[in-house]
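Enquirer: Take this structure, written in structure tokens, and hold onto it; I'll ask about it next.
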């Protein structure tokens, strides 16, 4: 008998000891804590049944979008004097205050402040809740992206969408519970931004790419009928169950079979969702699909996000890249704002008209805010990274609409009112979906893990 075979037999024997009566209760508790197939929630009643998370990758500037700072106009061009110990800039050297290049005005009944490039979003401002008190921990894009999307700066953790998928499951068995609609390139931090981490593989994001083929291998190979494919899956499932009975410690094959079965069912549903020909001209215009100022690809992503949520998908994340404006803030941010303005407003209006806004939580943010200063350069000016002050825009899903929560200091360098770390925002997001972060756990690496990493509190001011 080979040493390898002996070792394998010993491992199988030791694992088999877990099937004894003395450990049945422990195994049951661990299985319940891990929730292999059965969703854990909702843990409490909630309006939101799904979430559309709009990610502005690169970090939009709060002082140039929703958080005007008249003091910066007074200080514009003067030498910057840091008011806090922890640097908000990733660059050293001589620095100057940077005033916003955009005029601001108050909009809606709530009088929310918006910069001039936002035109369409101003029309739905009373549906919005603006949170100004969030703080993150990282000053670099890769780690900041990972923290925003997974709760950890270091990678290997499940994405928010995977946690929601794990907690609530999908309400449409023919579709995954978690979709990602990326922009022209993957954000820094890579696909770890939407990974399932240590959660079962069937909880990872399904990516709909840009271009003519959003999903590869969706059509059946020539000569293969639906009946033939179904027979293949049944046979593979039979083999998988036999293997699972012999080796219950192996879980990856189980997840692979779940993905196979889901992929088979998706072949009937996904093509219909991707086909926008049935959408009315009015609906397309609402998203800016025929507007030269709007980012057409982004508008399409948000329209697809609405169609996915309408079909029962729990979590959809749509990306817009290009918000890292270190130079030429006026041109770069103006272009990005005008590209997303009408699509975001169109999504909110469309959800409301269809009766979906109350049940759909909409989140709009990047990975951090921007600094009130920049290094001295010739000509064009921009802003650096700032983890101590950022704005998060929310709508629908039980949030406190028409309100501005929290505040930053007079130059926008630091959050000073209703201040919370990012983990508290994650806890609040789950709460709005009916999930208790302290109860949505998964046993991994010798302990029960959760999205917030170490626990957190609900930001009650955000809940309507």
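Enquirer: If I go through segment 100-134 residue by residue, how many of them are in a strand (DSSP E or B), in contact with a helix residue (DSSP H, G or I) (Cβ under 7 Å, 6 or more places away or on another chain), surrounded by fewer than 20 Cβ atoms within 10 Å (Cβ to Cβ) and touching a residue at least 24 places away in the same chain (Cβ under 8 Å)?
Expert: 0
Enquirer: Out of 425, 368, 443, which single residue is over 28 Å from residue 302 (Cα atoms) and in contact (Cβ under 8 Å) with a residue 12 or more places away in the chain?
Expert: Unique residue meeting the criteria: 443.
Enquirer: Can you say whether residue 426 is buried (at least 18 other Cβ atoms within 10 Å of the Cβ), out of contact with any strand residue (DSSP E or B) (no Cβ under 8 Å at 6 or more places or on another chain), at pLDDT 95 or above and over 30 Å from residue 81 (Cβ atoms), as far as the supplied structure shows?
Expert: So residue 426 passes the test.
Enquirer: Hey, any hits in segment 70-89 for a residue that's touching a helix residue (DSSP H, G or I) at 6+ places or on another chain (Cβ under 6 Å) and either at pLDDT 65 or above or surrounded by fewer than 19 Cβ atoms within 10 Å (Cβ to Cβ) (or both)?
Expert: Within segment 70-89, none of the residues are touching a helix residue (DSSP H, G or I) at 6+ places or on another chain (Cβ under 6 Å) and either at pLDDT 65 or above or surrounded by fewer than 19 Cβ atoms within 10 Å (Cβ to Cβ) (or both).
Enquirer: Kindly indicate whether residue 171 is out of contact with any helix residue (DSSP H, G or I) (no Cβ under 9 Å at 6 or more places or on another chain), in a loop (DSSP other than H, G, I, E, B) and under 23 Å from residue 41 (Cβ atoms). First the steps, then the outcome.
Expert: Working: out of contact with any helix residue (DSSP H, G or I) (no Cβ under 9 Å at 6 or more places or on another chain): yes; in a loop (DSSP other than H, G, I, E, B): yes; under 23 Å from residue 41 (Cβ atoms): yes.
Taking the combined requirement at face value, the residue satisfies it.
Enquirer: Residues in segment 180-195: is at least one assigned to a strand (DSSP E or B) and either at pLDDT 95 or above or surrounded by fewer than 23 Cβ atoms within 10 Å (Cβ to Cβ) (or both)?
Expert: Looking through segment 180-195, at least one residue is assigned to a strand (DSSP E or B) and either at pLDDT 95 or above or surrounded by fewer than 23 Cβ atoms within 10 Å (Cβ to Cβ) (or both).
Enquirer: If you check 161, 151, 93, which single one turns out to be modelled with pLDDT under 95 and either within 18 Å of residue 381 (Cβ to Cβ) or touching a helix residue (DSSP H, G or I) at 6+ places or on another chain (Cβ under 8 Å) (or both)?
Expert: 93
Enquirer: Restricting to segment 350-364, what's the tally of residues that are buried (at least 23 other Cβ atoms within 10 Å of the Cβ) and either modelled with pLDDT under 95 or assigned to a strand (DSSP E or B) (or both)?
Expert: So the count comes out to 4.
Enquirer: Counting only residues that are surrounded by 15 or more Cβ atoms within 10 Å (Cβ to Cβ), modelled with pLDDT of 95 or more and touching a strand residue (DSSP E or B) at 6+ places or on another chain (Cβ under 7 Å), give me the helices (runs of 4 or more DSSP H) lying completely in segment 232-345 with at least 2 of them.
Expert: In segment 232-345, 296-310 are the helices (runs of 4 or more DSSP H) which contain 2 or more residues that are surrounded by 15 or more Cβ atoms within 10 Å (Cβ to Cβ), modelled with pLDDT of 95 or more and touching a strand residue (DSSP E or B) at 6+ places or on another chain (Cβ under 7 Å).
Enquirer: Looking only at segment 383-418, count every residue that is surrounded by fewer than 23 Cβ atoms within 10 Å (Cβ to Cβ), part of a strand (DSSP E or B) and more than 23 Å from the chain's Cα centre (by Cα) and tell me the total.
Expert: Qualifying residue count, segment 383-418: 3.
Enquirer: If I ask for residues that are assigned to a loop (DSSP other than H, G, I, E, B) and surrounded by fewer than 20 Cβ atoms within 10 Å (Cβ to Cβ), which ones from segment 365-382 would you list?
Expert: Passing the criteria: 376, 377, 378, 379, 380.
The values are calculated or read from the model by the stated rules, or taken from the named source; none is laboratory data. Owing to the predicted nature of the structure, the values given are computational and were not obtained by experimental measurement. Cβ: placed from backbone, ideal geometry, glycine included. Neighbour counts: every protein chain shown.
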